[in-house]
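*Asks:* Encoded as structure tokens, here's the structure I'll be asking about.
The values are calculated or read from the model by the stated rules, or taken from the named source; none is laboratory data. Keep in mind it's a predicted model, so treat the numbers as computed, not measured. Cβ atoms come from the backbone with ideal geometry, glycine included; neighbour counts cover every protein chain shown. Protein only, heavy atoms only, side chains kept; ligands, DNA and RNA dropped before computing areas. Shrake-Rupley method; radii C 1.70, N 1.55, O 1.52, S 1.80 Å.
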Amino acid sequence: MSERSVRSGGRLLIVGTPIGNLGDLSPRAAEALATADVIACEDTRRTGRLLQLSGIEKRPLLVCNEHTEVRAFGEVASRVAAGETVALVSDAGMPGISDPGERLVASLLERGAPIEVVPGPTAAVSALVLSGLATDRFVFEGFLPRKGGERTGRLAEIAAERRTVVCYESPKRAAKTLADLVAVCGPERRVAVGRELTKLHEEVVRGSLGEVAVLLADRELKGEVVLVIEGAVADERAWDDERISARLAELIEGGSSTRDAVAQVVTESGAAKRHVYDLATR
Ligand code: SAM
């Protein structure tokens, strides 16, 4: 291991914090927070509590949440230029992963500011490695859009995706999203639902999409949830008219509108939209 722990000097330090278990705050992350001139955080109360529970003395806090991130650019940049160390944290896990941070980092890079990372837990990778599904290639979808064409389009992309897919979801919406995934991916694909990872009630429900959707439809899920969905198995058959029509019929029987089914089959097959539409409406 290198003797360097956390260098001092003007820089932004992106610091990962626990996703539920305080014991996951690394010694290097604790040192980064304890020695930062200022901590840019989403919520001052949450970060204040993290410092307190970790035995770290109070530090000046600067709010950098989804509303203030752009406004914080200037202050963070001038502090870094003046030689200060600014630590960036989010409420939990890695900043920038479905949390503020991405735009701040891009803005500081544009200004030539030094940036380092103190890596920590993230729910997406934690759920992925627990899932039992392929970890060699995966995609992170963050939170799916809640409704409309944007949601339909993203679900269609997931149905066609060959790599393992990781999605964040609220516990209240998990059953609906699983049902939507069954409709677009079919019931056979495997899924793992990671809940309350690293916490007292940690649980991973694994099975086929059909089984898990039924199981969780009857349960009131509590806590935080990640969905990990097996990639589509390569189907080397050609997308001839017979296969396109069969897939359209399967999706429409599963509850998709003609429009959504056409959009999905276009994504899956790469066939011309006009042709798929003709097959769907003849
Ligand atoms: N920045 C965080 C990270 O690195 O994982 C993610 C923040 S995002 C606002 C919050 C979402 O992450 C939750 O809705 C849930 O999907 C997931 N999540 C966070 N902590 C979790 C945990 N302990 N168990 C399961 N999912 C979790």
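*Asks:* Go through segment 13-72 residue by residue and tally those that are in a loop (DSSP other than H, G, I, E, B), over 19 Å from Glu224 (Cβ atoms) and in contact with a Cys (Cβ under 8 Å, 6 or more places away or on another chain). Working first, answer last.
*Replies:* Filtering segment 13-72 for residues in a loop (DSSP other than H, G, I, E, B) gives 16, 18-21, 25-26, 36-37, 42-43, 54-60, 64-68.
If we keep only those that are over 19 Å from Glu224 (Cβ atoms) too, we end up with 26, 36-37, 54-60, 64, 67-68.
Imposing the further condition that a residue be in contact with a Cys (Cβ under 8 Å, 6 or more places away or on another chain) reduces the set to 64.
Of the residues in segment 13-72, 1 are in a loop (DSSP other than H, G, I, E, B), over 19 Å from Glu224 (Cβ atoms) and in contact with a Cys (Cβ under 8 Å, 6 or more places away or on another chain).
*Asks:* Out of everything in segment 177-200 that is more than 10 Å from the ligand (Cβ to nearest atom) and either free of Cβ contacts under 8 Å to residues at least 24 places away in the same chain or in contact with a Pro (Cβ under 8 Å, 6 or more places away or on another chain) (or both), what residue ends up being farthest from Thr152 (Cα to Cα)?
*Replies:* Step one: filter segment 177-200 for residues more than 10 Å from the ligand (Cβ to nearest atom), giving 177-192, 200.
Pick out the ones that are also either free of Cβ contacts under 8 Å to residues at least 24 places away in the same chain or in contact with a Pro (Cβ under 8 Å, 6 or more places away or on another chain) (or both) and you get 188, 200.
Details: Glu188: 20, Leu200: 35 Å.
The selected residue is Leu200.
*Asks:* Here's a follow-up. Of everything in segment 14-32, what is closer than 18 Å to Val105 by Cβ and within 16 Å of the ligand (Cβ to nearest atom)? Give them in sequence order.
*Replies:* Keep residues of segment 14-32 that are closer than 18 Å to Val105 by Cβ, which gives 14-17, 29, 32.
Hits for segment 14-32 are Ile14, Val15, Gly16, Thr17, Ala29.
*Asks:* Does at least one position in segment 203-225 carry a residue that is open to solvent by 30 Å² or more (accessible area, probe 1.4 Å), assigned to a loop (DSSP other than H, G, I, E, B), aliphatic (A, V, I, L, M) and touching a residue at least 12 places away in the same chain (Cβ under 8 Å)?
*Replies:* Scanning segment 203-225 turns up no residue that is open to solvent by 30 Å² or more (accessible area, probe 1.4 Å), assigned to a loop (DSSP other than H, G, I, E, B), aliphatic (A, V, I, L, M) and touching a residue at least 12 places away in the same chain (Cβ under 8 Å).
*Asks:* Next question. Of everything in segment 1-36, what is at pLDDT below 95 and either among the small types (Gly, Ala, Ser) or surrounded by fewer than 20 Cβ atoms within 10 Å (Cβ to Cβ) (or both)? Give them in sequence order.
*Replies:* Of everything in segment 1-36, those that are at pLDDT below 95 and either among the small types (Gly, Ala, Ser) or surrounded by fewer than 20 Cβ atoms within 10 Å (Cβ to Cβ) (or both) turn out to be Met1, Ser2, Glu3, Arg4, Ser5, Arg7, Ser8, Gly9, Gly10.
*Asks:* Continuing with this model, one more query. Filter segment 142-170 down to the residues that are among the charged types (D, E, K, R) and open to solvent by 40 Å² or more (accessible area, probe 1.4 Å), then identify the one that is farthest from the ligand (Cβ to nearest atom).
*Replies:* Our first condition is that a residue be among the charged types (D, E, K, R); within segment 142-170, this holds for 146-147, 150-151, 154, 157, 161-163, 169.
After this cut, where a residue has to be open to solvent by 40 Å² or more (accessible area, probe 1.4 Å) as well, the list is 146-147, 150, 154, 157, 162-163.
Working: Arg146: 13, Lys147: 18, Glu150: 19, Arg154: 16, Glu157: 19, Arg162: 23, Arg163: 19 Å.
Per the criteria, the residue is Arg162.
*Asks:* Let me ask something else about it. Of all helices (runs of 4 or more DSSP H) completely enclosed by segment 84-202, which ones contain at least 1 residues that are of a type in the set (Gly, Ala, Ser), touching a helix residue (DSSP H, G or I) at 6+ places or on another chain (Cβ under 9 Å) and at pLDDT below 95?
*Replies:* On the way: elements: 102-110, 123-131, 148-160, 174-185.
Result: 102-110, 148-160, 174-185.
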